[in-house]
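Read through the structure below, which is laid out as structure tokens, and then see the notes.
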Amino acid sequence: MPVYNIKITHSPTVTHSVYRWCLDSPVNDFAVSDERVGEIGIKVRGWVLPYPKKILSVVLLCGDEAIPLPFNEERPDVIEKVLKDESSGHPHLKCGFRHSVRFKHADFSIGVIENANFHPLITGSIEGTLKVLEGKENWLFLDNDSNQSVEQYTGKLKISRAEKLKWKSYFKSISVFSLSQQIPTCLLIAPSKENVYPQFYPYSEAKVTPIKQFQKIVPESFPYIYPVESLKAVNDRSYRICDTHWTLHGARESSILLAKKLIGKEEGLRELFQNDLYDAKEGFGDLGRKVYPPSSAKEDILSNYNYRNKVLFDNNLPNFGRIILIHNDTAFHASTILFFGSSSAYSMFHFLSRIFQTVAFVHTAGNVDQELIEQIRPDYFCMQTNARFIVKSPTANESVKRYIESKRKTLEKTDDSEYIMADDIPDSIAQLVNYLRQL
């Protein structure tokens, strides 16, 4: 469940009518779930002692809403420890307030009302654990992420000389291996959405960025796709407003371009999906729940096809090391593709599984396991990574088995999800399923 942090700052000046006060909860850096902060409510507890003959009331301001926090709790501890007085029968015994508050806005303040004037005691804000950049027209983008997306786009971070050499080695190794095995290959780079929709991004693109550097170092003979212009031209929006990933329309376009590059023709590919049906559904995405209040937008969901119905095997591991095998007897092309991809690949399965009869996916973000290719012997293998990852080169001879073993050790300490395997496995693919299961 997404977690937010509550930041608290004490006001430097308080009205002279307040003798002592304290906010017991929430405290600074208090972690809270989105459900509690927006639906169940956060406990707001504290106390205020006025000077004699002063009448005060406590209020929480949140956005344009003023929420009274009436004194409803006796605090004998305050009377005895702060005032050093007998608490029984004391006129300020009920100086405490304790309420459950649902916050409708990220910024708030708690203070006292005196003579119709508000005097803040504290100001606060609700922040996501990961920062999100708010662009124009409610578009959300990554900010302060481990790949330093903003710094890449603005040219402050570039591909280092050492990483350029690693990329060149990667290109050479993949080309040599593809030729030796006589298996066509292709690298697909999923653009960052600020490159596809710069009009919504709050920064200007630098003249030299990592993706521009990459396009200069990739050999002309190396098959790769960076579909930024194609995704700009898609009739339906190709990226999600509250998510880092492309929409199903963007995934469809990228799948067609990849298949065209591998198969060598586009004829018949677009017709496969021309009768697809979509329903608009409100969604928060991977960025929408990192801001408060959570932000959502309507996105198209495919209603007439779901690749999950064609999955024969899924080891159900999170991220790196996940293996999914999809088989569709009625696919456009009777071939097998081995796909070394990242999170952007998952939405492509709705389309790739209708193009290629068998899709074997391994979550490696472009790292290639040559032994796995030799064992599976696919008709094609391809790599997919995201543009923001390219500041570091993938490797051309990785071990998926090592990924899995490492992940299993970690999951033994947490939640080890069982793999999924279909009951009915076609004989033609049973050996492949068994091999992946043994991994």
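The values are calculated or read from the model by the stated rules, or taken from the named source; none is laboratory data. These figures come from a predicted structure and were not determined experimentally. Every residue, glycine among them, receives a Cβ derived from its backbone with ideal geometry; neighbour counts consider all protein chains shown. Quick note on the areas: whole protein, heavy atoms, side chains included, nothing else; ligands and nucleic acids left out. Shrake-Rupley method; radii C 1.70, N 1.55, O 1.52, S 1.80 Å.
Data table
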read-out: Qualifying residue in the range 228-244 (condition: more than 24 Å from the chain's Cα centre (by Cα) and either hydroxyl-bearing (Ser, Thr, Tyr) or in a loop (DSSP other than H, G, I, E, B) (or both)); value: yes
read-out: Residues satisfying the stated conditions in the range 50-66, i.e. open to solvent by less than 30 Å² (accessible area, probe 1.4 Å) and either within 14 Å of Pro120 (Cβ to Cβ) or in contact with a His (Cβ under 6 Å, 6 or more places away or on another chain) (or both); value: Leu56, Val58, Val59, Leu60, Cys62
read-out: Whichever residue in the range 12-49 is more than 23 Å from His105 (Cα to Cα) and of a type in the set (S, T, N, Q) and, among such residues, is surrounded by the most Cβ atoms within 10 Å (Cβ to Cβ); value: Thr15
read-out: Identity of the residue in the range 231-264, surrounded by fewer than 19 Cβ atoms within 10 Å (Cβ to Cβ) and out of contact with any helix residue (DSSP H, G or I) (no Cβ under 9 Å at 6 or more places or on another chain), that ends up farthest from Gly135 (Cα to Cα); value: Gly264
read-out: Subset tally (residues that are in a helix (DSSP H, G or I) and open to solvent by 10 Å² or more (accessible area, probe 1.4 Å)) for the range 295-352; value: 8
read-out: Qualifying residues in the range 50-78 (those that are more than 44 Å from the chain's Cα centre (by Cα) and at pLDDT 95 or above) - the one farthest from Pro26 (Cα to Cα); value: Pro76
read-out: Within the range 171-192, considering residues that are touching a Ser or Thr at 6+ places or on another chain (Cβ under 7 Å) and closer than 16 Å to Asn386 by Cα, the one most open to solvent (accessible area, probe 1.4 Å); value: Ser192
read-out: Residues located in the range 141-170, provided they are hydrophobic (A, V, I, L, M, F, W, C), part of a helix (DSSP H, G or I) and either free of Cβ contacts under 8 Å to residues at least 60 places away in the same chain or within 18 Å of Glu127 (Cβ to Cβ) (or both); value: Val150, Ala162, Leu165
read-out: Test: residue in the range 102-120 that is touching a Gly at 6+ places or on another chain (Cβ under 6 Å), more than 30 Å from Asp286 (Cα to Cα), touching a residue at least 60 places away in the same chain (Cβ under 8 Å) and assigned to a strand (DSSP E or B); value: yes
